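Remarks on the structure that follows.
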Amino acid sequence: MLALNNLADRREAARAARRFVQTVLCVTCPPNVAFAGTQPLQNWNPGKHADAMNGDFRVATELGGKMDDAHTGSCLCGAVRFRTRGPLRGVIYCHCSQCRKQSGLFYAATNVPNADITIAGAESITWYEASSFARRGFCKTCGSLLFWKPQDDEYVSVLAGLFDKPTGLQGQCHIFVGDKGDYYTIDDGLPQFEKSTPSIKVADE
């Protein structure tokens, strides 16, 4: 662990952490654009920089940054990696026909504000607009389902299975159970809703 012996060292470490954070991609940024400081970063390799990422976020935690609830995750092949900070919403299980047809079963996802997620490998994400309300992101290499992103809201739903353990995630409820597949039952005791709830914005089916 980096030893921060004086205030100048701590300030420089904080600046270094912020510079590193700028090298990863926000989910709302255009594809193929990343910056290290003010310079474009080419050929971003998440695996190569994984140790540096962990180190910088540990520094940020020591300096009082809000990284205590940081989580990491990736697609199956590792081309897309992400880090979130802050508490994660409980997992919502969506059984609507769109989620069912895309996943083969149902969606299990949490929510993260745009400002609290950073993504490396955005050039490997393909976005599909299943409706005018939201788009769905998946890895173009391995096909992993990644994100569900409303067009007009400042958050992104992240598939729960992408997170590295321990996640701390817990199930919250099931929505669109009236549209669920006829080849399984829901018996986990969580609340079930025929469609959605007022607090969960979804596309009209």
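Coordinate-derived values only; no laboratory data. No experiment lies behind these values; they were computed from the predicted model shown. Positions of Cβ are generated from backbone atoms using ideal geometry, with glycine treated the same way; all protein chains shown enter the neighbour counts.
Quick notes on this one:
- Normalised per residue, the volume of the convex hull around the Cα set of region 63-205 (Å³): 125 Å³
- Estimated FRET transfer efficiency when R0 is 22 angstrom, pair A115-R89 (beta carbons, to 0.05): 0.90
- For A134, nonlocal amide neighbours, meaning residues 5 or more places apart or on other chains whose placed amide H falls under 5 Å from its own, are Q151.
- From phi via Karplus (6.51, -1.76, 1.60), per-residue ³J(HN,Hα) for region 94-107 in Hz, x at Gly/Pro: 9, 10, 5, 5, 5, 5, 5, 6, 6, 9, x, 8, 7, 7
- Computed E for E194/E123 - FRET, C-beta separation, R0 45 angstrom, nearest 0.05: 0.70
- A Förster radius of 30 Å, combined with the Cβ-Cβ distance separating K140 from D187, puts the computed FRET efficiency at roughly 0.25.
- 3J(HN,Hα) couplings calculated from phi for region 182-194 with the Karplus curve 6.51 cos²θ - 1.76 cosθ + 1.60 (θ = phi - 60°) are, in sequence order, 9, 10, 8, 10, 10, 9, 8, x, 6, x, 10, 10, 4 Hz; Gly and Pro show x.
- Packing-based order for 155-161, 186-192, using average beta carbon neighbours within 10 Å, highest first: 155-161, 186-192
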